[in-house]
Amino acid sequence: MPRPRELKITLKPAQLILCIALGLWLGAVAIALSLWLAWRLIPETVHPLSQVVIPPAATPSPGAAPEQQSQMFEQYKQILRTQELQQAEDQAKGSVRNLSNPKCQFWLQQNRTAPTEKSRALVLEFCN
């Protein structure tokens, strides 16, 4: 009957220390490269958000000029109109009744290609 093989392991402390040090060094390099890559890519994805957010200095103070307040109010009304139109378009796209309404479809297409106040008003009129 053959003898089972014996496995002899010899520990060389210098080789073990060098392997551990190399592994730690490579891990640190991998982490540093990952952080650098994330730092390079994340500002590109967050950048459009910074254009949408109004900086704190742009918010009006209680004693702000009336023309600045009216300008901000007009901007607010424009945003509300845009949201209302978007909701009307979403409802028009989802409504079976509007799919068979040629006037609604025509003005939706007109508003998509060349949005004007007239086309927005007619979308709201014909697609509700």
Discussion item. With bins 5 Å wide starting at 0, give me the P(r) of the stretch 66-128 over every alpha carbon pair, in whole percents.
Written reply: 4, 19, 26, 20, 11, 8, 6, 4, 2, 0
Worksheet item: Cross-link partners among aspartates and glutamates for LYS103, C-alpha distance below 20 Å, same-chain residues fewer than 8 apart left out?
Response: GLU84, GLU89, ASP90, GLU117, GLU125
Practice prompt. Take peptides 68-81, 97-110 and line them up by average Cβ neighbours within 10 Å, highest first, as a rough protection proxy.
Written response: 97-110, 68-81
Worksheet entry | Order by protection proxy (mean Cβ within 10 Å, highest first), peptides 115-125, 2-12 | 115-125, 2-12
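Just so you know, all these numbers are worked out from the coordinates, no wet-lab data involved. In this text, all values refer to a predicted model and were calculated from it rather than measured experimentally. Every residue, glycine among them, receives a Cβ derived from its backbone with ideal geometry; neighbour counts consider all protein chains shown.
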